[in-house]
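Just below is one structure, and these are the notes that go with it.
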Amino acid sequence: MCGIVGYIGPEGAAPILMDELSRLEYRGYDSAGISTIEKNKISIMKDVGRVKNLYNLDGIDDLTGTIGIAHTRWATHGKPSKENSHPHQDNSKTFSVVHNGIIENFHELRNMLEENGYNFLSQTDTEVIPNLIHYHYSKLQDNSVHGFLQAVRNCCLDLKGSFAIEVISSLFPENMIVVRKDSPLVIGTCEDEKYISSDIPAILSYTRDFYFLNDLEFALLQNNKATFFDTNLHEINKQTNNIEWTATASEKNGYEDFMLKEIYEQPTAIRETIGSKISIDSKCNFEELNFTKEYLSTIDKIYIIACGTAMHAGLAGKNVIEKLCRIPVEVDIASEFRYRSPIVNEKTLSIFISQSGETADTIAALKLAKHCGSKTIAISNVIGSSITREANYSIYTHAGPEIAVASTKAYTSQVILLNMLAVYFSEILETSDKDTIISIKKEMLDLPKKIEETFSCKDSIKEFAKKIYQEKDVFFLGRGIDETIAKEASLKLKEISYIHSESYAAGELKHGSIALIENGVTVVTVLMDKSLMEKTISNVQEVISRGAKTLVITCHPCDSNMFDEIITVPYTIQYLSPILAIIPLQLLAYYISKEKGLDVDKPRNLAKSVTVE
Ligand code: M6R
């Protein structure tokens with residue numbers, strides 16, 4: 001949902017900003033823009049379309065300033081157009097601003113500013129910000145940089161909604177002010193340079209030392225100095241955090257697309273996420289949680305809350321936690337949970353899953369659960385992300401940066417982490433016998449090898465993709481845990497191939513949806529749970545009788561003559577089956593998208609991190 005970057009240092013800002021921006025393009029890609037300061041004058045260049053269009057703009061090479069801000073947009077207010085692209089400036093062209101988030105009270109602020117003589121050139125909510133800064137600055141009798149800071153702060157106190165903002169001013173050409181509230185923003189630092197970005201990966205090739213801002217904390221940046229202030233503009237101390245991710249982790253490294261690279265990184269992501277937490281001889285160790293039997297025994301319900309793929313991982317978590325710990329688990333979509341007046345109290349344990357750690361609905365749901373007295377655990381892939389700063393406890397997937405909009409390695413890492421959590425709770429509560437736990441642990445440790453073996457299905461999947469890439473509808477079926485895999489597979493297909501797809505609990509099909517099955521329609525069925533296999537196969541027979549083309553994913557012996565295509569993945573226990581079964585289905589979505597000539601990593605209308613409601 002829009003990406004913002006900034007640079008201040010001794011080098012020319014424009015090439016650095018464009019490099020940062022192109023690495024951040026997965027956050028939005030319908031227009032882009034850049035603003036620098038040359039000889040105490042603000043320059044702004046912007047255009048609709050991708051970041052690469054900026055390179056062709058007349059005069060872009062004349063931007064020689066060493067301070068600058070830039071933006072890649074995912075339109076919310078106003079269509080993608082040059083006028084609506086960021087950066088935006090105030091009428092006097094003194095302040096230039098990029099913004100990620102939504103200003104909910106922009107109508108009211110715009111009316112107030114218009115009554116005070118300000119004009120607006122765009123339909124965006126953002127344009128109120130530079131004008132509001134100007135409005136406050138002109139009321140202050142302070143022409144120092146402190147006045148600039150005060151004006152930005154007063155503006156921010158007037159804003160309702162979410163924002164990460166970078167501001168530069170022709171009056172203070174060696175200073176930049178940045179602030180965030182409910183929107184992501186990190187500040188990278190090294191000697192005499194500061195790099196600002198919505199996400200860490202975009203600036204990893206410049207630095208691995210980062211400052212994180214809390215809501216409504218302000219940073220005043222000069223090339224060799226970063227000063228931090230609280231909402232009352234009292235100076236505060238901040239330490240840098242060193243991030244372990246390497247710069248190459250956010251490069252394609254020879255792969256055609258990030259998605260393919262990330263699919264192939266899954267064995268490593270699983271290995272890293274397990275780390276030293278699982279061993280056969282000792283109890284599962286989550287030092288970050290340090291839960292006691294006394295506390296866990298008071299829990300009468302676990303909520304798992306997330307969005308999209310992360311929510312699908314939550315469904316796999318429900319399956320294993322309920323079975324191993326005998327605690328009821330409810331999985332909810334964050335955007336629904338927050339408005340349904342959920343029954344949450346101190347006996348509820350709430351787990352929030354978010355790869356980015358910045359999903360607006362998930363963060364809001366977490367705040368609500370905390371407010372109701374529940375202990376909250378954040379599961380994220382990004383150290384220092386907003387969700388981890390809000391939660392009582394944080395545990396991490398170690399999947400490395402996930403750049404493709406379609407989530408792959410984050411999903412499988414979330415599933416393994418939830419399995420680990422189930423084992424951890426169960427060992428404390430003593431709700432499962434030792435042999436069961438040992439066999440789960442052995443299977444977990446064997447998973448990376450089994451994922452490697454699963455990749456051998458690539459060619460068959462590619463061939464199947466060629467057969468079905470022009471279809472309009474594809475259906476996914478499964479029962480129990482297999483239905484949760486079908487849900488994730490269906491989301492993956494629709495988001496990157498634009499083929500309409502639905503997933504169904506196999507037994508539910510004949511209660512209405514089977515009416516959609518006709519000659520030639522493709523039905524993909526997941527058959528990983530042996531105990532439910534016969535039942536599901538009967539449902540597949542029903543669609544075959546109505547002319548469906550069938551693909552089956554299984555880890556059990558199966559009569560291959562029955563279906564058009566069978567992909568057999570290595571055997572694993574039911575709890576971990578989403579991790580192996582999803583791999584051919586991620587590849588299926590990938591190859592269909594490629595066959596259609598689409599942009600796999602940046603599918604239309606989507607953005608990697610959904611930081612607005
Ligand atoms: O960063 P999060 O895990 O909170 O993101 C949640 C969803 O937006 C995300 O999983 C989305 O569904 C993916 N594009 C699916 O591939």
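What the table shows:
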{"item": "Which listed residue is farther than 18 Å from residue 199 by Cα and open to solvent by 10 Å² or more (accessible area, probe 1.4 Å), from 103, 44, 67", "result": "44"}
{"item": "Every residue from the range 45-94 that is modelled with pLDDT of 90 or more, farther than 15 Å from residue 17 by Cβ and not basic (Lys, Arg)", "result": "88, 89, 90, 91, 92, 94"}
{"item": "Output for the range 122-144, where each listed residue is in contact with a helix residue (DSSP H, G or I) (Cβ under 6 Å, 6 or more places away or on another chain) and part of a loop (DSSP other than H, G, I, E, B)", "result": "125, 140"}
{"item": "Count - residues of the range 272-321 that are open to solvent by less than 60 Å² (accessible area, probe 1.4 Å), within 16 Å of residue 411 (Cα to Cα) and away from the ligand (no atom under 16 Å from the Cβ)", "result": "3"}
{"item": "Some residue of the range 115-132 being in the same structural domain as residue 73 (by TED's automatic domain parsing), under 19 Å from residue 230 (Cβ atoms) and within 32 Å of the chain's Cα centre (by Cα)", "result": "no"}
{"item": "Every pair of residues 6+ apart whose Cβ atoms lie under 6 Å, when the first sits in the range 494-520 and is over 24 Å from residue 591 (Cβ atoms) while the second is among the charged types (D, E, K, R)", "result": "505/483; 506/479"}
{"item": "Counted residues, the range 322-340 - those being among the hydrophobic types (A, V, I, L, M, F, W, C) and open to solvent by 40 Å² or more (accessible area, probe 1.4 Å)", "result": "1"}
{"item": "Residue match in the range 143-160 (condition: more than 19 Å from residue 125 (Cα to Cα), buried (at least 16 other Cβ atoms within 10 Å of the Cβ) and among the charged types (D, E, K, R))", "result": "no"}
{"item": "Failed condition for residue 138, given (1) surrounded by 15 or more Cβ atoms within 10 Å (Cβ to Cβ); (2) over 31 Å from the mean Cα position of the chain (by Cα)", "result": "(1)"}
{"item": "Subset of the range 383-396 that is farther than 21 Å from residue 292 by Cα and touching a Ser or Thr at 6+ places or on another chain (Cβ under 6 Å) - its residue that is most open to solvent (accessible area, probe 1.4 Å)", "result": "388"}
{"item": "Residues within the range 346-374 that are out of contact with any Lys or Arg (no Cβ under 9 Å at 6 or more places or on another chain), in contact (Cβ under 8 Å) with a residue 12 or more places away in the chain and surrounded by fewer than 19 Cβ atoms within 10 Å (Cβ to Cβ), tallied", "result": "2"}
{"item": "Within the range 339-361, considering residues that are within 16 Å of the ligand (Cβ to nearest atom) and touching a strand residue (DSSP E or B) at 6+ places or on another chain (Cβ under 6 Å), the one nearest to residue 2 (Cα to Cα)", "result": "357"}
{"item": "Hey, residue 366 at pLDDT 95 or above and within 12 Å of the ligand (Cβ to nearest atom) or not", "result": "yes"}
{"item": "Filtered residues of the range 382-400 (kept if within 12 Å of the ligand (Cβ to nearest atom) and in contact (Cβ under 8 Å) with a residue 40 or more places away in the chain)", "result": "382, 385, 386, 397, 399"}
{"item": "Residues (assigned to a helix (DSSP H, G or I), under 21 Å from residue 562 (Cβ atoms) and within 16 Å of the ligand (Cβ to nearest atom)) located in the range 473-503", "result": "485, 486, 489"}
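Yes/no matrix, rows are residues, columns are (1) part of a strand (DSSP E or B); (2) within 22 Å of residue 128 (Cβ to Cβ); (3) over 27 Å from the mean Cα position of the chain (by Cα):
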{"residue": "20", "(1), (2), (3)": "no, no, no"}
{"residue": "55", "(1), (2), (3)": "no, no, yes"}
{"residue": "61", "(1), (2), (3)": "no, no, yes"}
{"residue": "72", "(1), (2), (3)": "yes, yes, no"}
{"residue": "83", "(1), (2), (3)": "no, yes, yes"}
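Condition check ((1) surrounded by fewer than 16 Cβ atoms within 10 Å (Cβ to Cβ); (2) of a type outside the set (A, V, I, L, M); (3) at pLDDT 95 or above) across all residues:
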| position | (1), (2), (3) |
| --- | --- |
| 454 | no, yes, yes |
| 472 | yes, yes, no |
| 481 | no, no, yes |
| 497 | no, yes, yes |
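The values are calculated or read from the model by the stated rules, or taken from the named source; none is laboratory data. All of these numbers come straight from a predicted model, not from anything done at the bench. Quick reminder, even Gly has a Cβ in these numbers, built from the backbone with ideal geometry, and neighbours come from all protein chains shown. The protein model used for the area step is the full one, side chains on, heavy atoms only, and it has no ligands, DNA or RNA in it. Shrake-Rupley method; radii C 1.70, N 1.55, O 1.52, S 1.80 Å.
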